[in-house]
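Nothing in this text is a laboratory measurement; each read-out follows from the coordinates by a stated rule. If you're wondering where the values come from, they're calculated on a predicted model, not measured in any experiment. Counting neighbours? That spans all protein chains shown, and the Cβs are built from the backbone with ideal geometry, glycine included.
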Amino acid sequence: MHNFYIISLYFHSWNRWIILIFGLLTLWYAWSGSKENAAFPGKAKPINLIFISSLHLQLLVGLLLYFVLSPITALALKDFGAAMKDASIRYWAMEHSLMNIIAIALAQTGSILARKKATPRQSHRTVFIWSLIAFLIILLMIPMGIMGPERPWFKF
Ligand code: HEM
């Protein structure tokens, strides 16, 4: 079980970079796509697909860490009230997990709503706005010391 915890944490840590890179690419393609009124989804399709898939994978591993593997959230699950009073446990049990779930839902919603727009420009703009909000939340909720604890940027 312990090894599986370590492997999952490494995966969760490195997958963050896929999310950030493909999040930025999604924003770039959506921005330039709306300026040029490029076909939708067009070139942006595989980029957005990787972004959304890596988010879903992160959610899955995140839930696994939260409910099965992590000794930190295990403390919270045992006594949630007490955990909420401890900022370092609350960060993982509430802020990090909940805000990232919201961000993932926003990114997913944007890409669904975009399909229903009348023009390619509107579709690209929809992806841009929803993904931008999601991206900013994710950036704030990565444990790099801006809010909450700091963990290694590159986990070796
Ligand atoms: C885009 C979304 C997310 C990103 C970028 C992200 C990123 C990270 C990073 C970088 C760490 C630190 C890993 C390390 O120690 O090196 C971490 C830890 C953790 N994440 Fe996430 N995460 C995301 C979503 C989630 C979600 C949705 C959940 C739960 C539902 C979750 C649960 C956890 C838990 C429980 C830990 C700490 C585990 C421990 O140290 O024992 N994460 N996350």
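Just to check your reading of the model, which residue among G33, G81 is more than 8 Å from the ligand (Cβ to nearest atom), in contact with a His (Cβ under 6 Å, 6 or more places away or on another chain) and either assigned to a helix (DSSP H, G or I) or under 19 Å from I137 (Cβ atoms) (or both)? Talk me through it step by step, then tell me what you get.
On the way: G81 fails: in contact with a His (Cβ under 6 Å, 6 or more places away or on another chain).
Just a single option satisfies the conditions, and that option is G33.
Any residue in the range 63-76 that is part of a helix (DSSP H, G or I), among the small types (G, A, S) and touching a Gly at 6+ places or on another chain (Cβ under 9 Å)? Step through it out loud before you land on a result.
So in the range 63-76, the residues part of a helix (DSSP H, G or I) come out as 63-69, 71-76.
Next cut, among the small types (G, A, S) only: 74, 76.
Adding the requirement that they be touching a Gly at 6+ places or on another chain (Cβ under 9 Å) leaves none.
No, there is no match, as no residue in the range 63-76 is part of a helix (DSSP H, G or I), among the small types (G, A, S) and touching a Gly at 6+ places or on another chain (Cβ under 9 Å).
Test A134 against the criterion of being within 20 Å of L59 (Cβ to Cβ), touching a helix residue (DSSP H, G or I) at 6+ places or on another chain (Cβ under 9 Å) and free of Cβ contacts under 8 Å to residues at least 60 places away in the same chain, and give yes or no. Write out each step before concluding.
Numbers: within 20 Å of L59 (Cβ to Cβ): yes; touching a helix residue (DSSP H, G or I) at 6+ places or on another chain (Cβ under 9 Å): yes; free of Cβ contacts under 8 Å to residues at least 60 places away in the same chain: no.
Spelling it out, it is not the case that A134 is within 20 Å of L59 (Cβ to Cβ), touching a helix residue (DSSP H, G or I) at 6+ places or on another chain (Cβ under 9 Å) and free of Cβ contacts under 8 Å to residues at least 60 places away in the same chain.
Quick one: which residue in I50, I19, I102, I89 is touching a residue at least 60 places away in the same chain (Cβ under 8 Å), among the β-branched types (V, I, T) and either under 18 Å from L136 (Cα atoms) or crowded, with 16+ Cβ neighbours inside 10 Å (or both)? Walk me through it before giving the result.
On the way: I50 fails: touching a residue at least 60 places away in the same chain (Cβ under 8 Å); I102 fails: touching a residue at least 60 places away in the same chain (Cβ under 8 Å); I89 fails: touching a residue at least 60 places away in the same chain (Cβ under 8 Å).
Residue meeting the stated conditions: I19.
If you take the residues of the range 128-145 that are more than 9 Å from the ligand (Cβ to nearest atom) and surrounded by fewer than 20 Cβ atoms within 10 Å (Cβ to Cβ), which of them is nearest to L113 (Cα to Cα)? Lay out the reasoning, then the answer.
Keep residues of the range 128-145 that are more than 9 Å from the ligand (Cβ to nearest atom), which gives 128-133, 135-136, 140, 145.
Pick out the ones that are also surrounded by fewer than 20 Cβ atoms within 10 Å (Cβ to Cβ) and you get 129, 132-133, 136, 140, 145.
Values: I129: 11, L132: 15, I133: 15, L136: 19, L140: 25, G145: 34 Å.
Here the answer is I129.
For the range 36-47, which positions are in a loop (DSSP other than H, G, I, E, B), crowded, with 20+ Cβ neighbours inside 10 Å and either of a type in the set (A, V, I, L, M) or within 20 Å of the chain's Cα centre (by Cα) (or both)? Spell out the reasoning first.
So in the range 36-47, the residues in a loop (DSSP other than H, G, I, E, B) come out as 37-43.
Okay, now just the ones that are also crowded, with 20+ Cβ neighbours inside 10 Å, so 40-41.
Matches in the range 36-47: none.
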